[in-house]
Amino acid sequence: MTDAVGDGSLIPDRGSFRDRNNRVYDDGKQIIRGVSAEALANWRALASESFFQELLDEGKVVATEQLERPIAPTDEWAGYLSHERIPFVTYPYEWSFGMLRDAALLQLELVERAFHAGWSMKDATAYNIQWIGSRPVFIDIPSFTPYRAGEPWVGYRQFCMQFLYPLMLQAYKGVDFQPFLRADLEGVDPLLASRLLSGSTRLRKGVLTHVYLHAKMQARYAGSELDEAKSLTENSGKQVSKSRKMHHSEAMVLGTIQGLKRLVNRLQPAQVRTTWGSYDTDHSYGDASFETKKSFVERAVSSARRHLVWDLGCNTGTFSEICARHSDYVLSVDGDAKAIERLYQAQKTKVGTNICPAIMNLANISPGQGWNGEERKAFDRRSRPNLVLCLALIHHIVISANIPLGAFLSWLRKLDSEVVLELVTLDDDMSKMLLRNRENQYGELTEAGFEAAISKMFRIVSSEPLKGGHRKLYHLVPV
Amino acid sequence: MNVQKIGLIIVFLVSATSNAYAYIDPGTGSVVTTAIIGFFAAAAYTCRKYFYKAVDLFKPRAKGDKSN
């Protein structure tokens, strides 16, 4: 146990309210979880279990301690836990296939190990898993509950909707799962999954049972519930039927979990060639220009140690690696799922990596959504970066996405961070390629136009021309 | 006999007591699905368990190991 160090002003996390047994708060220093009497009793029992201590030691569950004293003025809870802070929260619709698969395997490993020790888990939402660098970590401690003989694993449906079906869509149909998870925070419904994984895909491993059968059963019982609802008229004298009783033996639960583990382990993403999937070898720079660019970035990022760096348009992470050497944490963002998957696969084998990959179209960043538009925070409303890298990104924003240069720079300025930016002018071959089939309405994408646009927002600390003057690197600080 | 009928028979066979209460609704259809999948998975799990036990019986023991 430790003493609370917060100043008492607990700010409730807007995404933590579904389970009334606990709620997460942030006091600016610590992540604190208020727990009910029942959840506190569970925590005390759980903390004494060797399987749970092993999970903590292995870093598979977020470091957690019980706080000794209640935190005034919020004393509505029976007890308080403090958690290690996740450096930057990401959501499943921002993860690559490998990330979602590793998160799924962690969820299954936890529930299996818990089950062997006489515990269960009361949900299986992908939002309970976060990343410290490229390592998945389970964050929702009150999910662990004592196992009651005969109970099924109640998280099965949620696991299918938020892990299994999205992975199957990518593996069996080559369909990106991220738009589905972003569109519906509950995940992919069994009926939708059954329609999408139809035809010969039904014969692929796990589809007939976990998808087709699941959808059929859901439709069947939804139909009987509808019939019951229709029969419950005011004068019918009928009562709502009781919950269906169904005994699940331990072997049934364990067998299902282990079967899911084998299934998820076998899923592989369909191979698709993308523009930047092999950026580290396919980029357009000569060796000297590439070295110049790397040296400029290294000088800028090593000028001070920064807590959080965003590498926007990171491709396969060449420059994220440079940032990682001089910063506490690097969030590497790119719209190309294959590039992010490559970065993740390279990073996950490195012990203690501080690079967290994320997939996002920067012209359409993750919005605030869920209840009241706040349950899942917008990308730029989570944690403020200290430095933002925008290398060879601006021509994609301005030309490909038709975002005005001034609008993009204003967004960058609102982040209130230092910026390292590579300007790609209209004279650059990559800009010419993007302009090949469209009208040139991007006159501001010149050195003079860019410097005029930033003059009221940023001060230029240093700059260096690149690729014969067709590109230019800038280190900027907000004014 | 279609898949649903087979499923319902299995559900009938394994149904007894115990409710599942959680803050999320596991969904009746999903619980029935886990019962059907679990029925077969349990059979496979039990077979695997006894298979590995049987394999262990025939494994040569290290010298000095007098345990049964």
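Between A:GLU464 and A:GLU298, the contour length at 0.36 nm per residue exceeds the alpha carbon distance by 58.4 nm. Using the Cβ-Cβ distance between A:GLU250 and A:ALA63 with R0 = 35 Å, the FRET efficiency computed as 1/(1 + (r/R0)^6) comes to roughly 0.70.
Estimate the FRET efficiency between A:GLN258 and A:ALA229 by the formula 1/(1 + (r/R0)^6), using the beta-carbon distance for r and 25 Å for R0, to the nearest 0.05. Can you show the working numbers first?
Details: r = 37 Å, r/R0 = 1.50.
The value I calculate is 0.10.
Amide H to amide H distances under 5 Å link A:ILE132 with A:VAL137, where only residues 5 or more positions off or on other chains count and H is placed in the peptide plane. Please state the shape class of the stretch A:279-478: rounded when a/c is under 1.5, otherwise prolate if a/b exceeds b/c and oblate if not, all from the C-alpha gyration tensor. Because its axes are fairly even, with a/c under 1.5, the stretch A:279-478 counts as rounded. In the stretch A:10-53, which residues have a backbone nitrogen under 12 Å from the label point lying 7 Å from A:ALA149's Cα in the Cα-to-Cβ direction? Residues passing the 12 Å test: none.
Computed from Cα positions, the angle between helix A:250-266 and the longest principal axis of chain A comes to roughly 20 degrees.
Once the Cα atoms are used to define both axes, helix A:337-348 deviates from the longest principal axis of chain A by about 80 degrees. Measuring nothing but alpha carbons in chain A and taking Rh as the Kirkwood radius, the Rg to Rh ratio lands at 1.01.
Size descriptors for the stretch A:331-444, from the alpha-carbon set: Rg then Dmax equal 16.1, 48 Å. For the stretch A:25-36, the Karplus equation 6.51 cos²θ - 1.76 cosθ + 1.60, evaluated at θ = phi - 60°, returns couplings of 10, 10, 9, x, 10, 10, 9, 10, 10, x, 10, 6 Hz by residue, with Gly and Pro reported as x.
Distances between every pair of Cα atoms in the stretch A:120-186, grouped in 5 Å steps from 0 to the bin holding the largest one, split as 4, 15, 20, 21, 20, 11, 6, 2, 0 percent. Among rounded, prolate and oblate, which fits the stretch A:37-114 when a ≥ b ≥ c are the square roots of the eigenvalues of its C-alpha gyration tensor, a/c under 1.5 means rounded, and a/b larger than b/c means prolate? Verdict is oblate for the stretch A:37-114.
If the chain between A:VAL477 and A:ASP427 were fully stretched, how many nm would it gain, using 0.36 nm times the residue separation less the Cα-Cα distance?
Details: separation 50, 0.36 × 50 = 18.00 nm, distance 2.62 nm.
15.4 nm is the gain from fully extending A:VAL477 to A:ASP427.
Pairs of Cα atoms nearer than 8 Å and 6+ residues apart set the relative contact order; for the stretch A:279-478 it is 18 percent. The mean number of partner chain beta-carbon atoms within 10 angstrom of a residue's beta-carbon across peptide A:256-265 is 3.
Per-residue mean of foreign Cβ neighbours for A:215-225 is 5 (Cβ atoms of other chains, 10 Å radius).
For the residues of A:147-156, the average number of beta carbons from a partner chain within 10 Å of their own beta carbon is 6. A Förster distance of 35 Å, applied to the separation of the beta-carbon atoms of A:SER241 and A:HIS116, puts the FRET efficiency at 0.50.
Filter the cross-link list A:LYS122/A:LYS350; A:LYS122/B:LYS49; A:LYS29/A:LYS456; A:LYS338/A:LYS472; A:LYS350/B:LYS53 down to pairs whose alpha-carbon distance in this structure exceeds 29 Å. Over 29 Å Cα-Cα: A:LYS122/A:LYS350; A:LYS29/A:LYS456; A:LYS350/B:LYS53.
Be a star and scan the stretch A:83-109 for residues whose amide nitrogen sits under 20 Å from the point 7 Å along the Cα-to-Cβ vector of A:GLN271. In the stretch A:83-109, the label zone of A:GLN271 (backbone N under 20 Å from the point 7 Å along Cα→Cβ) covers A:97-99.
Coordinate-derived values only; no laboratory data. Fair warning: this is a prediction, and the values are worked out from it, not measured in the lab. FYI the Cβ positions are ideal-geometry reconstructions off the backbone, even for glycines, and counts take in every protein chain you see.
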